[in-house]
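This report concerns only the one structure given below.
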Amino acid sequence: MRGSAILAGVVVLIWTLVYLVTQLFVDPPLGVLPTLAAGTLLTVAAVLGYPSALRGPRGRHRSGGSTGHAGHGEDGDAGRGVRSLAAAGRSVPLRSGLTPDAARRTAELLRPMLGGDAIAITDRRDVLAFVGPGSDHHRVGRALQTQATARAIRKGRTIVVRDRSHLGCTAEDCPLQSAVVAPLAIGTRVVGALGVFQARTQIPPKELVEDMANMLSLHLELAELDRERRLATHARLDALRAQINPHFLFNVLNTIASKARTDPEEARELLLRLSDFFRYAVRQDGHFAEFAQEYFFVRTYLSLEQARFGDRLRVRYDIDPQVLTTRVPVLTIQPLVENAVKHGIAGQVSGGTVRLRARVDPLTRTTSIRVSDDGAGIPEDVLARLTAFPAAPPEDGTGEESTAENGTRMRSGGVGLQNISQRLDSLFGDRYDLRISSPPGGGTVVDLRLPLR
């Protein structure tokens, strides 16, 4: 407002002078058009030339109200450093964790931004990266070489060193003279330090170094969250592998034992399929596999169940060939099929049909998988519990199966929909869709939509 008021006053002064000059000081007075033209030209010139509050001062940078050379140079460089790091924020290598390789690449990235002669990144005990003069004795993998860095880590606050005597370097011929060392922390836990060193007594800008350390600490926190999420996802996958229904194994072995007397060749074939089944379930590496591999795993499982149930279990496949090369989470489809067999078909005297359908939608870049059966279906109260993820544990806290009135069971722990849903949450966030329905005519339909990989 102050700048606008000054500009308004200048405009009033211009028109006052124009009136005095053109109407009172000139004889004869000028006409209306020349007077308006002169006033307009002078007003436009004043507006364009005046550094208004909206446009700011012209021809120089403002830095904390200081117009001196030091303010322009030091603070201006600091501002450019902050903007440079903000632009490169997503590419900071420490996003992958506090490792020697990530620390080295981060130090190389920060050196021109911070304007220091040397940059050091450490953990609590050792030097992880050092770039610049002094690297001959500040070596990667060795213990901390400066007392200033140790103090910053121990006290959890920024340490400013203005002369070599307070730097505390163990090497007598170290060229470094001053430094600003800021701690790196994950939450309240100090995990390392960022040090900016100068070969002269002029210290690096403290606020800039602290801002950089805070940004790096944020990246380390995100890396820690990623690691914990991966561990949780691995744990859920291990749970699926470890808790494959022992009743399934028991029943298949009984079937093989009975076949060994009547049809030894079929018993041998079933043993081979059973070994393939468990080999895939236990040894599959990583969280994703080609759909073709999961499809083979499902077919192996269903062939073992068909050997047990005979004609009571019928299977229909409707697989788009384009789906075979897509990647899906391992051990996701088979538990859905297992639920269809155990809870939908096994209790039916006449048996039933399990259907597996898979499609790729190139427009939405999704893979759609449907597992359905024409078995007992799911009561409304049980369906509500199934779809209310995360499912509440049973009242007795055992995590065992609970039985509905009509014999339809819902697994609240182990190999179940809750575990599958939690795994998909970890892998895809909100980019997947899992829906369960029980049509009025009977049976159960599970629709799973995954991002195309």
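Peptides 438-444, 43-49, 131-137, ordered by how many other C-beta atoms sit within 10 Å of their residues on average, highest first, read 131-137, 438-444, 43-49. For the Cα trace of segment 277-360, dividing Rg by the Kirkwood Rh returns an Rg/Rh value of 0.98. For the peptides 287-295, 102-110, residues were scored by their other Cβ atoms within 10 Å and the scores averaged per peptide; the highest-first order is 102-110, 287-295.
Straight Cα distances below 28 angstrom link residue 206 to the lysines 155, with same-chain residues fewer than 8 positions distant left out.
Bear in mind these aren't lab numbers, they're just calculated from the coordinates by the rules spelled out. Just so it is clear, the model here is predicted, and its values are computed rather than measured. No Cβ is skipped: glycine too gets one built from the backbone with ideal geometry, and neighbour counts run over all protein chains shown.
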